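Structure first, commentary second.
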Amino acid sequence: RALKPPYVVRCHAASQTHDEQACWTYTHPHVSKNDADTGKSSAEAAADVHNDRCAHLSFSSDPTNGSRNGCGYGAVNGDIVRAVEGSDIGATLTIHGLLGTFHSVLYESKRTKRTSTISIAPHSFSTGMFSWFPLYFPLKEVLRVPPASTINCSIWRKSDDSRVWYEWCAEVEKSGFILSTCSIHNPGGRAYHVKK
């Protein structure tokens, strides 16, 4: 049961094996002329926003096994980037889970072109950030990833009238053949969910 829900973690003994990829985008609802047309208040319009999401990501083979990314929390280490460039570590990876981070634009002015962001994604990490941590999605069955393989992941954010939850799965593919796979984790929110 311990490998079924996701966990908020501060990564230490971990290695981020691939560069992060964006899964999805959220925007906050606001009153628009469409809201005026329907007669809905801002709160009613916000309640109608559908926040279920789905993403399918592929992580191609990285001959350095992502060693430049460190543990997956904090900024990318430029010294490590320079040390591993052009190298071929080439070891089989063991994947125990997926790491979810975020990059948020809090304010953006089209007129002045100024933005204010907060991020725990390694490639845009906010310096001094120590109040938000990644969400770790464990895999019940570890995945072995030989060199020149691709990891394909799917993740869903689902909801019903009273709950919100995540579901996820992954597979390893090489030359068109699936080498290993894991089942969908947390189907229907049965191991973990958050009340709305």
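Assorted remarks:
- Ligands, DNA and RNA excluded, the heavy atoms of H56 present near 130 Å² of accessible surface to a 1.4 Å solvent probe.
- Largest-first ordering by accessible area, 1.4 Å probe, given options D161, D52: D161, D52
- Seen from T101, the other residues with C-beta closer than 14 Å to its C-beta sum to a net charge of -1, counting Lys and Arg as +1 and Asp and Glu as -1.
- 3J(HN,Hα) along segment 190-196, derived from phi through the Karplus expression 6.51 cos²θ - 1.76 cosθ + 1.60 where θ = phi - 60°, amounts to 6, 9, 7, 7, 10, 6, 6 Hz, with x in place of Gly and Pro.
- Only protein heavy atoms count here; under a 1.4 Å probe, F130 has an accessible surface of about 130 Å².
- Shown for segment 154-196: the carbon plus sulfur share of the solvent-accessible area, taken with all protein chains present and a 1.4 angstrom probe, equals 54%.
- Segment 86-169, relative contact order [Cα under 8 Å, separation at least 6], %: 30
- Heavy-atom accessible area, probed at 1.4 angstrom with all protein chains present, ranks Y26, Y107, Y192 as Y107, Y26, Y192, highest first.
- When the Cα gyration tensor is reduced to axis lengths a ≥ b ≥ c, the ratio a/c is 1.5 or higher for segment 148-196, and with a/b above b/c it is classed as prolate.
- All other residues whose Cβ lies under 14 angstrom from that of I184 are scored, Lys and Arg at +1 and Asp and Glu at -1, for a net of +2.
- Separation between Cα centres of segment 146-188 and segment 101-121, rounded to whole Å: 29
The values are calculated or read from the model by the stated rules, or taken from the named source; none is laboratory data. Since the structure is predicted, the reported quantities are computational estimates derived from the model, not experimental observations. Neighbour counts are summed over all protein chains in view; Cβ atoms, including those assigned to glycine, are modelled from backbone coordinates with ideal geometry. The accessibility values were calculated without ligands, DNA or RNA, using every heavy atom of the protein model including side chains. Shrake-Rupley method; radii C 1.70, N 1.55, O 1.52, S 1.80 Å.
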